[in-house]
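Any read-out appearing in this document is the output of simple, stated calculations on the displayed coordinates, not a laboratory observation. Note that the coordinates shown come from a computational prediction; the quantities given were computed from them, not determined experimentally. Reconstructed Cβ throughout: ideal geometry from the backbone, glycine too, with neighbour counts over all protein chains shown.
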Amino acid sequence: MYINGKNETLNPPHIDKILEKAKNTHELSKEEIIELLNAQAEPILRLADEIRKKYVGDEIHLRGLIEFSNICKQNCLYCGIRRGNDKIERFRLDVDEIIKIGQKAVEFGYKTLVLQSGEDGFYTQDKMCEIISELKKLDVALTISSGEKTLEEFQAYKKAGADRYLIRIETTDENLYEKNHPTQILKTRFEALKNLKLAGFEVGSGCLVGLPEQTISSLADDILFFKKNDFDMIGIGPFIPSENTPLKDTPAGSFDLALKVMAVVRILMPNTNIPATTAMETLRKNGRLIALQSGANVVMPNVGDYRKKYILYPGKPDEDGLSGRTSFEEKLGSIGRTISNDYGFRKK
Ligand code: 5AD
């Protein structure tokens, strides 16, 4: 909102007070988070940007994303690669193909690789450990995002050299979780996140914004869950309806609300790593740049060749994180940011 031509916002005084408290203590009650999520976005995004700058600086960490299998035993209502979707072409990459993509990404300057897949039983513990130890020879930090595994498997991945693991909680609301994940239960998801910490990983989580029947109150619970568990990475993305799924006709989540949730996470968790998610780019042109100016400090460009087949939701930007890297760097430069040259571990 512009007042007298100046870029000033008019907030009810109690919102200013909540923001002041958050800035000084990085603690908020559930009620205060709800107030923020219902308030005008601009001052919240601005504070998140200020805190991002102060605690994690202007460097952006690029993580090269390799989607290596879209075969999945789970059946999440929103997800385009759910097992019930018989309309998509399935693929899985073998060890050599994955290594080749990793090598290329490293040549293009990536210091972190993220291996992401559906929950595909083809990749046994031994196979995963082989992939991990081969990729680690490339001198990269390595993140895995392949769903729920046993503690033993997590420990084996860690021993083989993996550094980080991502499991979004998606929602902490048990009813909502179990409605949207007919093959999973929330308790097991919590357990997996706990086991990842036990295994010694940097742990990433996050949630979807805009699932049907999701409330502001339940998003506030999600935020408090992230804070309580002090996760090292938090990915927030709006829900986007995907064809051939039960939620195909459900309206997409709100970009602005997802952005606000992300900003509140930054305000409460000043030094965690927060990606500007691809789903944000999908809903809004330059959505990632907006996210990077509202608390985010990480981007995960796709470096694999299979992005056209790894369709969790439609409209994902079809960009190549290899050939497109230079122009992306220029865009980041235009908002005063640089690309980090380190492995991008959380700076506590
Ligand atoms: N819209 C937005 N995000 C989605 N994901 C899966 N399907 C969708 C969708 N339709 C997200 C989930 C998952 C991540 C890899 O992708 O949150 O954790």
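Here are the numbers:
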{"quantity": "Those residues of the stretch 170-190 which are at negative phi and not in a helix (DSSP H, G or I), in sequence order", "calculated": "Thr171, Thr172, Asp173, His181, Pro182, Thr183, Gln184, Ile185"}
{"quantity": "Within the stretch 272-293, considering residues that are part of a loop (DSSP other than H, G, I, E, B) and free of Cβ contacts under 8 Å to residues at least 24 places away in the same chain, the one nearest to Arg164 (Cα to Cα)", "calculated": "Ala276"}
{"quantity": "Failed condition for Ala199, given (1) more than 10 Å from the ligand (Cβ to nearest atom); (2) on the phi > 0 side of the Ramachandran plot; (3) surrounded by 17 or more Cβ atoms within 10 Å (Cβ to Cβ)", "calculated": "(2)"}
{"quantity": "Index of the failed condition, Ala258 passing every other in (1) assigned to a loop (DSSP other than H, G, I, E, B); (2) in contact with a helix residue (DSSP H, G or I) (Cβ under 8 Å, 6 or more places away or on another chain)", "calculated": "(1)"}
{"quantity": "Lone qualifier among Leu219, Leu193 - being within 23 Å of Tyr343 (Cβ to Cβ) and part of a helix (DSSP H, G or I)", "calculated": "Leu193"}
{"quantity": "Index of the failed condition, Thr112 passing every other in (1) more than 23 Å from Leu247 (Cβ to Cβ); (2) within 16 Å of the ligand (Cβ to nearest atom); (3) of a type in the set (S, T, N, Q)", "calculated": "(2)"}
{"quantity": "Identity of the residue in the stretch 147-179, of a type in the set (Gly, Ala, Ser) and away from the ligand (no atom under 13 Å from the Cβ), that ends up nearest to Leu211 (Cα to Cα)", "calculated": "Ala162"}
{"quantity": "Enumeration of residues in the stretch 128-154 that are surrounded by fewer than 18 Cβ atoms within 10 Å (Cβ to Cβ) and either in contact with a Gly (Cβ under 6 Å, 6 or more places away or on another chain) or in contact (Cβ under 8 Å) with a residue 40 or more places away in the chain (or both)", "calculated": "Ser133, Lys136, Leu138, Glu148, Thr150, Leu151"}
{"quantity": "Whichever residue in the stretch 206-219 is crowded, with 23+ Cβ neighbours inside 10 Å and closer than 17 Å to Leu268 by Cα and, among such residues, is farthest from the chain's Cα centre (by Cα)", "calculated": "Leu219"}
{"quantity": "Leading residue by the ranking (nearest to the ligand (Cβ to nearest atom)) among those in the stretch 207-218 that are within 19 Å of Tyr313 (Cβ to Cβ) and touching a residue at least 40 places away in the same chain (Cβ under 8 Å)", "calculated": "Leu208"}
{"quantity": "Residues of the stretch 196-216 satisfying the condition of being of a type outside the set (Val, Ile, Thr), under 22 Å from Met280 (Cα atoms) and part of a strand (DSSP E or B)", "calculated": "Gly204, Ser205, Gly206, Cys207, Leu208"}
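Each row is one residue, and each column tells you yes or no for (1) surrounded by fewer than 20 Cβ atoms within 10 Å (Cβ to Cβ); (2) within 15 Å of the ligand (Cβ to nearest atom); (3) of a type in the set (Lys, Arg).
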residue	(1), (2), (3)
Leu224	yes, no, no
Gly237	no, yes, no
Pro270	yes, no, no
Asn273	no, no, no
